[in-house]
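Some notes on the structure that comes next.
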Amino acid sequence: MCGRNSLFIDQADLEARFDAEVVTDGGYTPRYNIAPGDDLHIITNEAPDEIDAYHWGLIPFWADESEEGIINARSETADEKRVFEQAWESRPCLVPSSGFYEWKAPDGGAKQPYRIYREDDPAFAMAGLWDVWEGNDETISCVTILTTEPNDLMSSIHDRMPVVLPQDAESDWLTADPDTRKDLCQPYPKDDLDAYEISTRVNNPGNDDAQVIEPLDHEQSGLGEFSS
């Protein structure tokens with residue numbers, strides 16, 4: 001799954017990386033610890049030249065009141081689920097990230113958080129679906145992040161991972177038909193994802209600063225060190 005994200009690239013670099021302009025009300029603020037229920041900056045298929053902020057958690061259209069929503073959707077079955085049916089068909093989006101976080105639970109031990117990132121890319125894109133929930137007196141634009149089977153790196157940490165898109169597939173994700181997009185929902189095939197242990201400061205969403213991404217003294221990185 002993907003239960004915590006970050007996006008702390010400078011705004012000018014973010015806009016240059018995705019060839020899009022930040023249009024978020026209140027502007028853009030770098031974030032090191034984005035939790036479910038917070039806003040995620042995304043790029044939708046309807047406005048591929050804009051970066052806007054949507055509520056992280058897709059609220060079911062049948063919900064009578066706003067709620068936190070569904071933060072992840074399994075890419076293998078999203079097209080079969082009523083809650084995602086319309087979003088899967090026509091509302092893909094990119095979710096920029098400077099790195100996401102996952103927790104490994106050793107046998108009998110406390111959960112250890114890891115930061116997963118791309119060393120050669122200060123911001124990459126995860127695949128998402130967006131929607132708009134309409135209540136009696138409010139409208140909420142919302143988003144969920146798609147997940148898939150883990151690649152070799154992630155399999156030693158967790159049994160799921162977000163759909164990380166190769167850069168040359170980002171535009172295809174926004175413009176392709178649903179069948180083609182489903183083919184793009186694969187474990188990230190390249191070896192340029194890396195991971196290392198971080199402190200449990202990330203467990204508290206109130207800790208939203210650069211200290212969150214500092215490696216532990218006994219930093220582990222690289223697939224070989226994760227396997228045991």
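The values are calculated or read from the model by the stated rules, or taken from the named source; none is laboratory data. Source: prediction; values computed, not measured. Every residue, glycine as well, gets a Cβ built from its backbone with ideal geometry; the counts of neighbours run over all protein chains shown. The protein model used for the area step is the full one, side chains on, heavy atoms only, and it has no ligands, DNA or RNA in it. Shrake-Rupley method; radii C 1.70, N 1.55, O 1.52, S 1.80 Å.
Side notes on the structure shown:
- Spacing of the modelled spin labels on Asn136 and Asp38, each 7 Å from Cα toward Cβ, amounts to 3.2 nm.
- Helix-only mean residue ellipticity at 222 nm for the chain, each DSSP H run of n ≥ 4 adding -39500 (n - 2.57), per residue, nearest 500: -3500 deg cm²/dmol
- Applying 0.36 nm per residue to the separation of Trp62 and Val23 and subtracting their alpha-carbon distance, the gain on full extension is 11.2 nm.
- Spread of Cα-to-Cα distances over 5 Å intervals beginning at zero, given as percent, for region 59-174: 2, 10, 18, 20, 18, 14, 10, 5, 2, 0
- Solvent-accessible surface (1.4 angstrom probe) belonging to Leu146, in square angstrom, nearest 10: 0
- Between the beta carbons of Glu80 and Asp120, assuming R0 = 30 Å, the FRET efficiency works out to 0.25 to the nearest 0.05.
- Each Cα pair under 8 Å and six or more residues apart adds its separation to the average, and for the chain the resulting relative contact order is 21 percent.
- Residues whose placed amide H lies under 5 Å from that of Asn151, excluding near-sequence neighbours: Tyr188
- Largest accessible area first, the listed residues Asp208, Asp168, Asp120 line up as Asp168, Asp120, Asp208 when surface is computed with a 1.4 Å probe on the assembled protein chains.
- Phi-derived couplings, Karplus 6.51 cos²θ - 1.76 cosθ + 1.60 at θ = phi - 60°, listed residue by residue for region 61-77: 5, 8, 5, 6, 10, 5, 8, 4, x, 9, 7, 9, 10, 6, 5, 5, 10 Hz, with x used for Gly and Pro.
- Per residue solvent-accessible surface (Å²) - the chain, probe of 1.4 Å: 47
- Interchain or long-range residues, amide H under 5 Å from Val22's placed H: Ile51
- Taking amide H positions as modeled 1.01 Å from N, with prolines and chain starts lacking one, the residues under 5 Å from Ile198 and 5 or more places away or on another chain are Tyr114, Arg115, Leu216.
- Each residue of region 160-172 was assigned a 3J(HN,Hα) from its phi angle through the Karplus expression (A = 6.51, B = -1.76, C = 1.60, θ = phi - 60°), giving 9, 8, x, 6, 8, 8, x, 4, 6, 9, 5, 5, 4 Hz with x at Gly and Pro.
- Accessible area ranking (1.4 Å probe, heavy atoms, ligands and nucleic acids excluded), largest first, for Ser156, Ser97, Ser171: Ser171, Ser156, Ser97.
- Computed 3J(HN,Hα) for region 179-194, one whole-Hz value per residue from the Karplus formula 6.51 cos²θ - 1.76 cosθ + 1.60 where θ = phi - 60°, is 5, 5, 5, 5, 5, 7, 7, 10, x, 3, x, 8, 9, 9, 7, 9, glycine and proline marked x.
- Given a 1.4 Å probe and the protein chains as shown, Phe18 ends up with an accessible area of around 20 Å².
- Between Asp194 and Glu149, full extension at 0.36 nm per residue minus the direct alpha carbon distance yields a gain of 14.5 nm.
- Computed from Cα atoms alone, the Kirkwood hydrodynamic radius reported for region 92-140 is 14.0 Å.
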